[in-house]
Amino acid sequence: MAKIFCVANQKGGVGKTTTTVNLSAGLAKLDQRVLLVDLDPQGNATMGAGINKASLESSIYQVLLGEADVAGARLRSEAGRFDVLPANRELAGAEVEMVSLENRERRLKDALALVAEDYDFILVDCPPALSLLTLNGLCAAHGVIIPMQCEYYALEGLSDLVNTIKKVHANLNTDLRIIGLLRVMFDTRMTLSQQVSSQLEQHFGDKVFKTIIPRNVRLAEAPSYGIPGVVFDPSSKGAQAYIAFGAEMVERIKTM
């Protein structure tokens, strides 16, 4: 039975999609069966996995509206060796259309339940907003992975996200918990990064993943080729870090 994790942070540009795509590829390298769910209308995770979002016959949009199922809509990322439930601009209209539907917060949870036996991990790339789409991701998940840069403003946004997760846990999904905070785009030369990193460790303890993802040019280049960074340049520091993170995730779920 799959463990379902949201990769969420309401702040944009903090590496959610990079983390989702590369963690998926890293887990696949460790022989885990992985489904990446792209819940962002921008469809960047879909493109980063090597799938053309402009030519989709069906996507997560149809799945959320009940017009298709996950088994029929999912596609294979040949480069990453994992499955993808893709997204494109159509998804932007789903929130308005879902308002009148029954169990609108649990549409994704119900859809994923039908394929949960096919995977070890299901990773959901959430949009950078606390929207109905993000709420669907949080209601479907066993836990949340929060990627964040070690900067001052990131700490401010973190408290809002933690409060939202607590509310969802209390009212909609009692299984939901914070799995961990992942430090991304980390620059060891910056004193501020070191200071914020220390603050996170002091405040959140073992909720902070041991793995740190460095700022890495090869990870940034990979999406333009439609290949996960882990596959694009396996020897790069960024790729090595995401493979290590995949191994840490496999170990962490053993204690869940």
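Which ones in the stretch 9-26 are touching a Leu at 6+ places or on another chain (Cβ under 8 Å) and modelled with pLDDT of 95 or more?
Result: THR18, THR19, THR20, VAL21, ASN22, LEU23, SER24.
Could you list, in sequence order, all residues of the stretch 169-200 that are free of Cβ contacts under 8 Å to residues at least 40 places away in the same chain, farther than 21 Å from ILE253 by Cα and buried (at least 17 other Cβ atoms within 10 Å of the Cβ)?
PHE186
Determine if the stretch 159-182 includes at least one residue that is farther than 30 Å from GLU105 by Cα and either of a type in the set (Gly, Ala, Ser) or over 19 Å from the mean Cα position of the chain (by Cα) (or both).
No, the conditions are met nowhere in the stretch 159-182.
One line per residue, one yes/no per condition, for (1) touching a Leu at 6+ places or on another chain (Cβ under 7 Å); (2) assigned to a helix (DSSP H, G or I); (3) in contact (Cβ under 8 Å) with a residue 60 or more places away in the chain; (4) within 27 Å of TYR225 (Cα to Cα):
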site	(1), (2), (3), (4)
VAL37	yes, no, yes, yes
ALA68	no, no, no, no
LEU112	no, yes, yes, no
GLU117	no, yes, yes, no
ILE122	yes, no, yes, yes
PRO127	yes, no, yes, yes
LEU133	yes, yes, yes, no
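Out of the residues in the stretch 188-207 meeting the condition of being under 22 Å from LYS237 (Cα atoms) and of a type in the set (A, V, I, L, M, F, W, C), tell me which one is nearest to the chain's Cα centre (by Cα).
Filtering the stretch 188-207 for residues that are under 22 Å from LYS237 (Cα atoms) and of a type in the set (A, V, I, L, M, F, W, C), the one nearest to the chain's Cα centre (by Cα) comes out as VAL196.
Could you tell me which of the residues SER235, SER224 is more than 20 Å from GLY13 (Cα to Cα), without any contact (Cβ under 8 Å) to a residue 24 or more places away in the chain and hydroxyl-bearing (Ser, Thr, Tyr)?
Sole residue among the options that is more than 20 Å from GLY13 (Cα to Cα), without any contact (Cβ under 8 Å) to a residue 24 or more places away in the chain and hydroxyl-bearing (Ser, Thr, Tyr): SER235.
Which of the residues belonging to the stretch 165-193 are outside any loop (DSSP other than H, G, I, E, B) and either modelled with pLDDT under 90 or small (Gly, Ala, Ser) (or both)?
Within the stretch 165-193, ALA170, GLY180, THR191, LEU192, SER193 qualify.
Test ALA71 against the stated conditions and say whether it is surrounded by 23 or more Cβ atoms within 10 Å (Cβ to Cβ) and among the small types (Gly, Ala, Ser).
no
Which ones in the stretch 137-168 are surrounded by fewer than 16 Cβ atoms within 10 Å (Cβ to Cβ), free of Cβ contacts under 8 Å to residues at least 40 places away in the same chain and either within 25 Å of ALA94 (Cα to Cα) or not hydroxyl-bearing (Ser, Thr, Tyr) (or both)?
Matches in the stretch 137-168: GLU156, VAL162, ASN163, LYS166, LYS167.
Does the stretch 43-57 hold any residues that are part of a loop (DSSP other than H, G, I, E, B) and either over 23 Å from CYS139 (Cα atoms) or at pLDDT below 95 (or both), and which are they?
Those that are part of a loop (DSSP other than H, G, I, E, B) and either over 23 Å from CYS139 (Cα atoms) or at pLDDT below 95 (or both): ALA49, GLY50, ILE51, ASN52, LEU56, GLU57.
The values are calculated or read from the model by the stated rules, or taken from the named source; none is laboratory data. This structure is a prediction, so every number in the text was calculated from the model and none was measured. Positions of Cβ are generated from backbone atoms using ideal geometry, with glycine treated the same way; all protein chains shown enter the neighbour counts.
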